[in-house]
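Undergrad: Submitted below is the structure of interest, expressed as structure tokens.
The values are calculated or read from the model by the stated rules, or taken from the named source; none is laboratory data. Keep in mind the model is a prediction, meaning the values are calculated, not measured. Cβ: placed from backbone, ideal geometry, glycine included. Neighbour counts: every protein chain shown.
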Amino acid sequence: MVLFLIGLGLGSPEDITLRGLKALKKCQHIFLEAYTSRLPQELQALEKEWDLPENSIQEAWREDVEQHCEEKILEPAKDENVALMVVGDPFGATTHTDIVVRAREMGIKVEVIHNVTIMSAVACCGLQLYRFGQTVSIPFFEDNWKPTSFYEKTAENFKIGLQTLCLLDIKTREQTVENLMRGNDIFEPPRFMTVNQAIDQFLEAEKELGLGVIDEKNTLCVGLARVGQVDEQIAYGTFEAVRKVDFGRELHSFIVIAGEDSMDEIEKEFLEHYRVGEKVEQVKEENDEGEE
């Protein structure tokens, strides 16, 4: 029997590979990992698109994958085919690497079926992937917890002229301290960090640590929303300009550019298509004057 880790890509049910779909058809248990990322479709829509029996897909939350993985996912894979579906690529999160290690220790055969991930798809904005440095994750700031390692790693990338891809926080099935202590199965509404919130936290970290990484009026960045979907949105400009853009619904990603000199001419030309802010208005004014 086999444990299949199946990447779903980024946009829609149609993004699953043919190999991945064939694997699903073989499985007696199908789980959709639901906390490191998400698809916009409901489970019923996925089942219909893939011609699967009704209620055949179960959501796997953090506690299922990290705390109860052995009993819920791995043990059944000893006797039956089990699929764990992951938005993006199966190895886009360390959690899934750990599952493979544990499955091998239990003598379970594992088959990984890859797909596109945000780590590569961000090249849609025109920036070359080989010019990226460390990828950082930006967690939601809380009143008593404001980690700034994302800012410090961005500063390290800046020093060597490399762009920084920022993965933005997702909160699903989170509980308040009160409900957690009382053992209540009451969960807060899901939260998805926006590009605008990421910019605010960068500015707050710059004010706090003062490493000279972020200048709101001059530091360049790219905001991306729903990459790979039909309503994909990209905006390029200064922190100040991109911060004013309404990127709409989740999921968002963010790139900090290590200055004009970190890009070649092709990258700059490609990005201009997505420029927002003062320079765009200046170009419009010049074009209007030329038509008069």
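Undergrad: Do we have any residue at all in segment 166-177 that's at pLDDT below 95 and more than 22 Å from Ser137 (Cβ to Cβ)?
TA: Within segment 166-177, one or more residues are at pLDDT below 95 and more than 22 Å from Ser137 (Cβ to Cβ).
Undergrad: How many residues are without any contact (Cβ under 8 Å) to a residue 12 or more places away in the chain and surrounded by 14 or more Cβ atoms within 10 Å (Cβ to Cβ) if we restrict to segment 124-177?
TA: Going through segment 124-177 one residue at a time, the tally reaches 1.
Undergrad: Here's another thing I want to ask about it. Can you give me the number of residues within segment 95-115 that are within 30 Å of Tyr236 (Cα to Cα) and surrounded by fewer than 19 Cβ atoms within 10 Å (Cβ to Cβ)?
TA: Number of matching residues: 1.
Undergrad: Also, quick follow-up: Ala83 - would you say it is assigned to a strand (DSSP E or B), closer than 18 Å to Lys22 by Cα and out of contact with any Asp or Glu (no Cβ under 7 Å at 6 or more places or on another chain)?
TA: yes
Undergrad: May I ask you to verify whether Ile99 is of a type in the set (A, V, I, L, M, F, W, C) and either under 22 Å from His252 (Cα atoms) or at pLDDT below 95 (or both)?
TA: yes
Undergrad: To continue, here is another question. Quick test of your reading of the structure: Gly228 fulfils all but one of (1) among the small types (Gly, Ala, Ser); (2) at pLDDT 95 or above; (3) part of a loop (DSSP other than H, G, I, E, B); (4) touching a strand residue (DSSP E or B) at 6+ places or on another chain (Cβ under 9 Å). Name the failing condition by number.
TA: Tallying (1) among the small types (Gly, Ala, Ser); (2) at pLDDT 95 or above; (3) part of a loop (DSSP other than H, G, I, E, B); (4) touching a strand residue (DSSP E or B) at 6+ places or on another chain (Cβ under 9 Å), Gly228 fails exactly one: (2).
Undergrad: Another question, if that's okay. Restricted to segment 252-292, and to residues that are at pLDDT 95 or above and in a loop (DSSP other than H, G, I, E, B), which residue is farthest from Ile170 (Cα to Cα)?
TA: Across segment 252-292, the extreme among qualifying residues is Asp264.
Undergrad: Hey, could you check segment 2-48 for residues that are under 22 Å from the mean Cα position of the chain (by Cα), part of a helix (DSSP H, G or I) and among the aliphatic types (A, V, I, L, M) and say which is farthest from Val100 (Cα to Cα)?
TA: Filtering first and then ranking leaves Ala45.
Undergrad: Across segment 28-44, what is the total count of residues that are free of Cβ contacts under 8 Å to residues at least 60 places away in the same chain and within 13 Å of Ser12 (Cβ to Cβ)?
TA: Number of matching residues: 3.
Undergrad: Do you know which residues across segment 225-249 are crowded, with 20+ Cβ neighbours inside 10 Å and among the small types (Gly, Ala, Ser)?
TA: Across segment 225-249, the qualifying residues are Ala225, Ala235, Gly237, Ala241.
Undergrad: From the list Val122, Val116, Val100, exactly one residue is of a type outside the set (Asp, Glu), over 14 Å from Ala77 (Cβ atoms), touching a strand residue (DSSP E or B) at 6+ places or on another chain (Cβ under 8 Å) and in a helix (DSSP H, G or I). Which is it?
TA: Val122
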